[in-house]
Structure formats: structure tokens, C-alpha cells
Amino acid sequence: MRRLPLPLPLLLAGLGLGLGGEPEPAAPSGAQCLEHDCFGIFWAARPFAEASEACQRGGGHLMTVRSTVAEDAIALLLQNRSGLLWLGLRLPLACTDPAQRLRGFQWVTGDRRTDYSNWAPSGRRCGERCVTVSRELRWEERRCEAPADGFLCEYNFGGSCPRLPAAEGLPVTYATPFGARGGDFLALPPRSAAVIPAMELELRCEEDESGVLSWGGAAPGAWPCRLANGGCEEACGEEGGQPRCSCLDGKVLGPDGRSCSSPCAGAPCQHHCVITGSTFLCMCDSGYRLAADGSSCEDEDDCAMVPKPCEQVCINTEGSFECRCHQGYEMVDGHCRRISHCDRAPCEQQCEDVPDGYRCRCFPGYAVHPEAPARCVLYCNRSQCPAECDMHTQSCECPEGFVLDDDANGRWVCVDVDECNMNYCEHNCTNLPGSYKCHCYAGYQQLDQNSCIKIPEEDGEVTYSGDFGPGPQTPIPSRTPPKVEHLHPGALVGIAVGVLSAALALLALGYHLVKKRCGPPATMDYKCSGAHEKEMGLQPVASGCAT
């Protein structure tokens, strides 16, 4: 900010000198600026080449008219004055081509890009040609070495400063870097000056610390508040008769005495900065903690939290964590659920999930089939079990090795068949629920399920087989009866009595079994078979049993 005793810049401008004493480009007769572009009109008779050099000395080039916006700018600058003005179009080839939009001409910027043209009628012409524009805004071809009445210059900038707001009694005169001066500019390019004679004040359009173009002075601090808020970014006031800027919401005044910035601007915080009064405090994102230096953030092990954040497995990640499940489980809605294989299992009755698979199970009274683990068969591990009956079909089933019977209370039960009474075994027999087991005498070994074979004697030693080994037991003679002449008469009588008693007992037992099996069981009967009970197929029939 510069205070002048006299409006010296205007005086120097009238002499064609800048503030630094260096020659300035010739001042245009009129100029106007938009946001990024300025246009100047020069009424001076020059050939095309000299006009182009004059524009370049001011930092621009002959005007390119690529749209109706540029055409409107020309109309504003002409102000209905007659004359021909050079545009930035030149013919680089030998002859014009009326079929093309620019007729073969090229802009002084080296391209042919345009969305607009306004040619006056003309035929094909050859030789060096340039283009002028008239008051009617028509484009006309001319010989380049012939002088025109003037020329139009274009200046391009990266940005602009807005004109200062009007204040009563404070007229402002602007000066552009390409020599244009006046008070009616809509925008001003960088390095423009604003002179306020009533305040003996000169401002410059320059970039501030953040790279934004704004009006400011060479010295820090505010100027009188009634002009553009004293240049203050936020509040402007008077202290001791001097203008002074102030900032709000915890912000601090910048080095220029006019701009405001947050204490967090430029703070070394890695994640977040929080304003606390006139200073700041660094904070970190969730999953991080503030390091000892007070500004950087370091990862926090979320898996070490109490209570644990995951049901089964926790994997710590940068700034967060990930929950996973053990083998055999899957994540469903944030929870670990055992992976069920039973959905596809072929189990006949029940299924149980086990690690890496499944296991088929059966209802009470059933057992897993030994050869087909997915199936279930009736099972009883006692000598008598309740029968499995279907009240709709009025039929009952028993496990293999059991027969259907009624108990003392009239309920259907399955009674174990004593296979040992059926002489399946060649030697000894042990009855089991639903089955039996054969054993061999000493000196014999098992040939198959029911038969035994004598073990050959070697070196006078006897080999034992089965569950009956050597011990204090009475030797059992061969099944072949001894000769009669070697037996005592009393022994013969005893043997006869014993055989008769055994026959009577077997007859009574057989009668009882036939009565139980062939009697009318409630509403159903069962076939009787002459085959062994173990091989019986129990099937409901409509008539009684044949005896």
C-alpha cells in the first residue's frame, strides 16, 4: 500500500512512463477486461506487421475473434467509429479458399480454431493477405503491407481482481500493465494499479500468500475501512484513529495484517487439527493414537481391547481390525456360525455336525446300520424291548433276532430268540440280544460261524481255541458215543433217563414257542416258518398260521 502526496501515477502515465521510470507501451484508445482476457483498441495507421509488434510490446497479440463474446467486445470498443482495424488473421498459403470457415487464413497464435466467422463477400484471391474488421463487424481481406486505420490487441491472463466497490467521495482510477487507464473496468489483470487520490492511496492487484489475486498495498495493515472494508478479510475497525483488521472464530491475523487464517493452517497434525482458543490440538482417526511428538499418529492394536472385539479370531490391520472364524465356521452377520454339512447329508433319521464333516444318528430304538452308515435299523440290547408299531397300518416290527409277543399287560413286545436252543453251534453257544456266538471245545478252533475243527497235535502239545482255554474244567469227550461193552449197566440207565428228560423238556419248550408265535396276536397274524428263527422274515398276513 502506497500513499501519494499527488496523483503522480496519472501524471507519469500521461508522459508515457511507468512507476519505475521505464517506457510503457502506447496507451490504447479504449480497453475492456473480462475474467481472463483484456482487449484494447489503438487508432493508429499501421501496416499489419507493425501493428502486431505494438501488441507484443504490451504483452499481447493481435485480437482473435473465436466467438460472439469477442465480437461484442469489438462492438463496445468501436463505439460506432468508422475505420478498418487489423485482426490477428494472416494467409500463410498462396491463395484463399472460400470453402473453408477461415478461408485458409490462420490466427497469429498459430492455430485455426474458431466457433465464429463473419466474412464480407469475396472471391478467390492470391498473394499475401491479412484481415481487417469494420464498424459493421464484417471481416475483409487486405494486402498486409497496406496500412489500416488501427488495430485490436488481445491480452490473456490467469486471473483478475474485481473492481473496488464504489464508495461515496472516493473515485478510483485504474491502470493496466498494457497501458490502458480509466475507471470503468469490470475486472483488472494482475499487476494493475488502483489510485485513490482522496486517500493518497495506491493499491496493486497481486497474489496473496495463498495464491489468490486481491488488492493490497506494499505496507501491511488496513487502509480506511470505508473503502473495500479496509482490505480486511473479515472485520475492520478503528483503534486510536487507525484502521485495523481483526479475525473471528479463533482465526489469527496473517503477516499482511489483513488476511485471516486458522491456527491449523500449516499445523503438523497427521490426521486432524482442532482449534482450541488461539492455538490448535492434533487428533487421530479411530484405531490410531497420538504419538509422543503430539502431531503424528500410530496404529493401535484393536485386538488387545477388553472385551475382545471378535468372537473367535481377531486380525489387527492398519487403523482397524478384521474378525475371522475358526476352521469349520463361517461369518454370518458379524457372528461365527458352524458350517453345517447336514443340509446335504443323506442321513435317514438324525444328523450331527462334527469338525470337517457330519455323523448320522438314529432315534431311540434304532441303531446305525453297520454297512450303510446313513441308514438306521431297529435295535434292542436287552432280551425284551417294546415293539415298533404303526397304529395306522396296525403292524408292528421287531429287530432282527427277535419275535413279536405280548407281555403280561397285553402290550406288544419284541422277545429275543434264543438261538442256542436251535443247535446252530456245533460245540458251545452264548446267546446275545438279537444274536448268538459259538465257541469251540478245547483242542478245537472255529471253522466258520457255527462249526469247529480239531486242532492237529504237535509234539504232544494240545492247542486251545475259542473262549474256553485250558483250566480246571472237566474234559469233554468226543461226540462219538463210546462202545457199549465198555459202559457199566448203571451208567446206561442214567444216560437213558437223562436223554428222555431232555427230550421232554425240548418238546415242552417247542410247544410253548409254537403257541406264542402262531396264536392270534390282536388284529394281525404272522407266518410261521420251518426254517431257523434267525432267518425268519416277519410279514403281516390276513389268515392264521399253518401248524
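The values are calculated or read from the model by the stated rules, or taken from the named source; none is laboratory data. Small disclaimer: the values here were computed from a predicted structure and weren't measured. We place every Cβ from the backbone using ideal geometry, glycine too, and count neighbours over all the protein chains shown. When the accessible area is computed, the model is the full protein with side chains, heavy atoms only, and any ligands, DNA or RNA have been set aside. Shrake-Rupley method; radii C 1.70, N 1.55, O 1.52, S 1.80 Å.
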The aspartates and glutamates whose Cα lies under 13 Å from the Cα of Lys454, excluding any fewer than 8 residues away in the same chain, are Glu426
What accessible area per residue comes out for region 384-451, rounded to a whole number of Å², with a 1.4 Å probe?
55
Taking the full set of protein chains and a 1.4 angstrom probe, give the accessible area of Ile339 in square angstrom, rounded to the nearest 10.
60
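For Met305, Met199, give the ranking by accessible area with the largest first, probe 1.4 Å.
Met305, Met199
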Zone residues, region 144-176, relative to Arg125, backbone N less than 12 Å from point 7 Å out along Cα-to-Cβ
144-146
Quick check for you: with a 1.4 Å probe and neighbouring chains kept, what is the accessible area per residue of region 209-312, in Å²?
58
Can you tell me how region 384-451 classifies by the Cα gyration tensor, rounded, prolate or oblate, using a/c under 1.5 as the rounded cut?
prolate
How many Å² of accessible area per residue for region 30-156, probe 1.4 Å?
47
Carbon/sulfur accessible area of region 30-156, % of total, 1.4 Å probe, equals 45
How much accessible area does Arg382 have with a 1.4 Å probe, in Å² rounded to the nearest 10?
130
How far is the Cα center of region 180-198 from the Cα center of region 241-288, in Å?
33
In square nanometres, what is one fourth of the surface area of the convex hull spanned by the alpha carbons of region 148-227?
6.5
Within region 309-394, what whole-number % of the accessible surface is contributed by carbon and sulfur, with the 1.4 Å probe and all protein chains included in the calculation?
47
How far apart, in nm, are the 7 Å Cα→Cβ label points at Arg191 and Asp353?
7.8
Cys260's amide H: which non-local residues (gap 5+, or another chain) put their own amide H closer than 5 Å, with H modeled 1.01 Å from N in plane and none for Pro or chain starts?
Glu233, Gly254
Any chance you could check the Cα centroid distance between region 28-104 and region 361-398 for me, in angstrom?
108
Sorting Ser286, Ser262 on solvent-accessible surface, 1.4 Å probe, most exposed first, gives Ser286, Ser262
Just the accessible area for Arg138, please: 1.4 Å probe, Å², rounded to the nearest 10?
80
5 angstrom amide H check on Gly150, placed H, neighbours 5+ away:
Ala44, Arg46, Leu84, Trp86
The long-range amide H neighbours of Cys389, using H built 1.01 Å from N in the peptide plane and a cut-off of under 5 Å, are Glu397
Assign one of three labels to region 96-169, namely rounded, prolate or oblate, based on the Cα gyration tensor with a ≥ b ≥ c the square roots of its eigenvalues; rounded applies when a/c is under 1.5, prolate when it is not and a/b is larger than b/c, and oblate otherwise.
prolate
What FRET efficiency comes out for the pair Asp184/Met305, r = Cβ-Cβ distance, R0 = 51 Å, nearest 0.05?
0.15
Compare Lys308, Lys454 by solvent-accessible area with a 1.4 Å probe and give them largest first, with all protein chains kept in place.
Lys308, Lys454
